[in-house]
Ligand code: ATP
Ligand code: MG
Ligand code: MG
């Protein structure tokens, strides 16, 4: 069989590798960490950084086609690889998603509303910021994730202090919107321009990190869901996107759909699709990378996903413990995915639990039981 390569060895790479292997492919992972979650399960683990030319050369030699699990791969590395091998997503699409300013410019080009915002990359632009953007959220234009590299700022003094604290790197200041809901849509597009998507996902964040995803969305109206699905497909088409893309949305308290950001890869909020749909987001990644037929996924079960952060590995006394898996797995329809990370840290994504059921109500009821057993808040 052919070998598929992936840049990055985190949990997204691991689940890509698992999907690729079940379809008969060999897999190669590029990641400097000898114990990376994906490297541990791949056929070939190239222990090098994505900036290491030898590592890239090895990945290229090994692989018939290459994808990424990590959105901050330098576009240059994807260009180099793309000159010799099929690469999905392509460097230009990844470049748009790597920078919040260019991402928002793309939303505008595609006619999709996003939060009022301004680029802050010089003291002059900082001084010229409109008061209408305050209170706001200052976000580094690049490299932020899980709410890192952002600060809520109430006024101009707080804004200036936050920009200093972030090292005066290029940032985007967004108006802080009153949110009713958060949604996301996973979409896949191939070279023929065919677009398929997963159903709209409803997401709950805690401390800037995804905590719970429910599908179907219990609270978004059918009209809002159709709008989100259409916006995601539009973006994939406008970007001439190749591969799997996730678009995050806000629903404001006055019922407007606003695009937040895009991830040029499978997304944490799409993990439920492994157990709740007949084609998962990782299957879609394999299919688009390899030019295999792209069929529309069908959700066969209602699903609720709970993220399992490292905090669960510590008791109230601070001592490390194992979460009560037997009790959780005694509940019907629970699917436990642990990523094989060698050490737990608070806030670290260690795994996820998907609860599937015949109805959304049943999935939610069981997920609430699982959450209670794990000591997670209700939702
Ligand atoms: P991810 O891990 O999803 O990549 P991130 O670090 O890129 O996260 P964002 O998605 O920009 O961060 O923001 C994290 C969360 O903060 C959002 O999901 C939302 O709950 C809140 N948030 C971000 N921007 C705004 C805004 N303009 N108004 C209100 N809330 C916001
Ligand atoms: Mg992000
Ligand atoms: Mg986000």
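From the Cα gyration tensor of the stretch 179-374, with a ≥ b ≥ c the square roots of its eigenvalues, which class applies: rounded if a/c is under 1.5, or else prolate if a/b is larger than b/c, or else oblate?
Details: a/c = 1.76, a/b = 1.55, b/c = 1.14.
It is prolate, given that a/c is not under 1.5 and a/b is the larger ratio.
Can you put 325, 313 in order of Cβ neighbours within 10 angstrom, beginning with the fewest?
325, 313
Quick check: the distance between the Cα centres of the stretch 2-59 and the stretch 251-306, to the nearest angstrom?
Taking the Cα centre of each part, the stretch 2-59 and the stretch 251-306 sit 22 Å apart.
Name the residue, out of 100, 321, 189, whose mean-square fluctuation peaks in a Gaussian network model built on the chain with Cα pairs under 10 Å.
Highest fluctuation among the options: 321.
Is the chain best put as rounded, prolate or oblate by its Cα gyration tensor, with a ≥ b ≥ c the root eigenvalues, rounded for a/c under 1.5, and otherwise prolate when a/b is larger than b/c, oblate when not?
Values: a/c = 1.33, a/b = 1.09, b/c = 1.22.
It is rounded, given that a/c, with a ≥ b ≥ c, falls under 1.5.
For residue 317 and residue 240, FRET efficiency with R0 = 41 Å and r from the beta-carbon atoms, rounded to 0.05?
0.15
What ranking do 30, 56 get, fewest neighbouring Cβ atoms within 10 angstrom at the top?
56, 30
Would you list 337, 205 from fewest to most Cβ contacts within 10 Å?
Values: 337 18, 205 15.
Ordered from fewest to most neighbouring Cβ atoms within 10 Å, 337, 205 come out as 205, 337.
Relative contact order of the chain, please, whole-number percent, based on alpha carbon pairs below 8 angstrom and at least 6 residues apart.
Computed value for the chain: 13 percent relative contact order.
Using Stokes-Einstein with the Kirkwood hydrodynamic radius over Cα pairs, what translational diffusion coefficient do you get for the stretch 1-126 at 37 °C and a viscosity of 0.692 mPa s, in µm²/s rounded to a whole number? Walk me through the intermediate numbers first.
On the way: Rh = 15.6 Å.
Diffusion coefficient, whole number: 210 µm²/s.
Here, each number is a calculation from the coordinates, and none is a lab measurement. Every value quoted in this text rests on a predicted model; they were computed, and no experiment measured them. Every residue, glycine among them, receives a Cβ derived from its backbone with ideal geometry; neighbour counts consider all protein chains shown.
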